[in-house]
Amino acid sequence: MAVLSTTWEPPGSRCGAVIWTRAWRIVTYGDTIPQAARLYVALGPESLAEGYELLFPLLEERQICHRHVRSPELLRAMEGLAAWAGKSVVLDPPESVDGEALAWELDERLSGRGLTGPTLIAGAQPLGGRTGLVFLRRQEPRGEQGSGARGWLARLLGEGRTPHEPRSAGMHG
């Protein structure tokens, strides 16, 4: 089992833009933000390096926008944050990619390797594959307002109201 060291550096992207943050390495392709369902791979800290080595070639070949935690230490620190706990790799496939088919392909690549990770991720459903490491979050189209955080924010800012509804109506209730 490979162990990710603090000095491990993933290969540079051949055709995508790479952005480094304190916790994430983000790889994007093109200049549009994917709108399809988001996928998560839930690798444990001890499985990061091997999992990354299995996933990165596929993500690069298919030009799948993604981000991943930079080190096991950062992943352990994120365990205390409910919104990010367990999300070691976050994938944003384009709408043209069948998210469920991609999830099963990722699961197939990871299976039989003894990789570990959490069995639950906030806001995502496990796909029940061989590994139990791949999760899918169905996402409402970004243009729709009315549910979730986007809808709440739109209402708070007074967007999407009827012509007769006062601007502050969304803040009192």
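The values are calculated or read from the model by the stated rules, or taken from the named source; none is laboratory data. Model, not experiment: these values are computed from the prediction. All Cβ positions, glycine included, derive from the backbone under ideal geometry; neighbour counts span all protein chains shown. Each accessible area value is taken on the protein alone, full model and side chains, heavy atoms only, with ligands, DNA and RNA left out. Shrake-Rupley method; radii C 1.70, N 1.55, O 1.52, S 1.80 Å.
So what are the ³J(HN,Hα) numbers for the stretch 113-120, from phi and the Karplus equation (6.51, -1.76, 1.60; θ = phi - 60°), rounded to whole Hz, Gly and Pro as x?
Residue by residue, the stretch 113-120 yields 9, x, 6, 10, x, x, 9, 9 Hz.
How large is the dipole of the stretch 91-138 about the Cα centre if only Lys and Arg carry +1 and Asp and Glu carry -1, each at its Cβ, rounded to the nearest 20 debye?
Charge dipole of the stretch 91-138: 260 debye, to the nearest 20.
Pop out the ³J(HN,Hα) list for the stretch 80-86 in order, Karplus 6.51 cos²θ - 1.76 cosθ + 1.60 with θ = phi - 60°, rounded to Hz; leave Gly and Pro as x.
For the stretch 80-86, the Karplus curve yields x, 9, 3, 5, 10, 4, x Hz.
Enumerate the amide H contacts of ARG38 below 5 Å, restricted to partners 5 or more residues apart or on another chain; note that Pro and chain-start residues carry no placed amide H.
So ARG38 has HN proximity to ARG137, GLN139.
Can you work out the accessible area per residue across the stretch 64-116, with the rest of the protein chains kept in place, probe 1.4 Å, in square angstrom?
I get 45 Å² per residue for the stretch 64-116.
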